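Reading through the structure tokens given below for one structure.
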């Protein structure tokens, strides 16, 4: 996917989708997203620019409707921006010249990203091991099947690998979802409200798991959350309001939103 600034991501065969060695993992420039709702236009993300380095653990907070989820969808290539530019590892992904096709977006998502959501989305009739390995049915990177046992041990659920989702706790189910997101060895992990369905204790455990993953593996993690105390555990903290974003000091944040 090498090329000039005006090039968007191309096919796997043409340019490849693996990120370069650039220390900047994500570089967003003036990203804007406008939705149409009847005759009304809704400005969900408003001229957002930020850089995230490889290995950063970043959290994004803000009230409902501030644009957090829309932004993470843009950064994670789940949606096209209305305008602006996005670079991954120094390579152009979105720019003003074209919108990516769904096929192109799919190629980028499967090579670069892992995704965790508020709902676990585990298949109840499959074991923990089978749920984790499910993405490999559709696409696998070379050697990814060898990562499963390592992930189980790293996340502390190796003793649960033959259990069904209904036989484990909510915190353990989210660990399974994290392992499933990582089984294809992503370079960036996107976590949208990963503790939203967990109690206080389990939520703290999951954020600690994410911190440990970032520290041990060098994984870049972007987490959206409503929980300010959990967000402050990240290395960098951003706050969104009305589609705009500001970076704040996690140690000095006193905003209750």
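Nothing in this text is a laboratory measurement; each read-out follows from the coordinates by a stated rule. Quantities reported herein were computed from a predicted structural model and do not represent experimental measurements. Reconstructed Cβ throughout: ideal geometry from the backbone, glycine too, with neighbour counts over all protein chains shown.
Side notes on the structure shown:
- Gain in span if fully extended, residue 82 to residue 153, counting 0.36 nm per residue against the direct Cα distance: 21.4 nm
- Listed residues 178, 157, 168, most fluctuating in the chain (Gaussian network, C-alpha, under 10 Å): 168
- When the square roots of the Cα gyration tensor eigenvalues are ordered a ≥ b ≥ c, the ratio a/c for the chain is 1.5 or more and a/b does not exceed b/c, which makes its shape oblate.
- Put a dot 7 Å past the Cα of residue 226, heading toward its Cβ, do the same for residue 106, and the two dots end up 3.4 nm apart.
- The separation of the stretch 22-59 from the stretch 157-175, counted between C-alpha centres, amounts to 34 Å.
- Subtracting the Cα-Cα distance of residue 96 and residue 51 from 0.36 nm times their residue separation leaves 14.3 nm of extension gain.
- In the chain, the DSSP beta bridges split such that about 60 percent are antiparallel, to the nearest 5.
- Listed residues 89, 107, 38, most fluctuating in the chain (Gaussian network, C-alpha, under 10 Å): 38
- Nitroxide proxy distance, nm - points 7 Å out along Cα→Cβ at residue 125 and residue 163: 2.2 nm
- Extension reserve of the residue 244-residue 208 stretch, reckoned as 0.36 nm per residue once the Cα distance is removed: 10.2 nm
- Fluctuation leader among 193, 205, 41 - the chain, Gaussian network, Cα springs under 10 angstrom: 41
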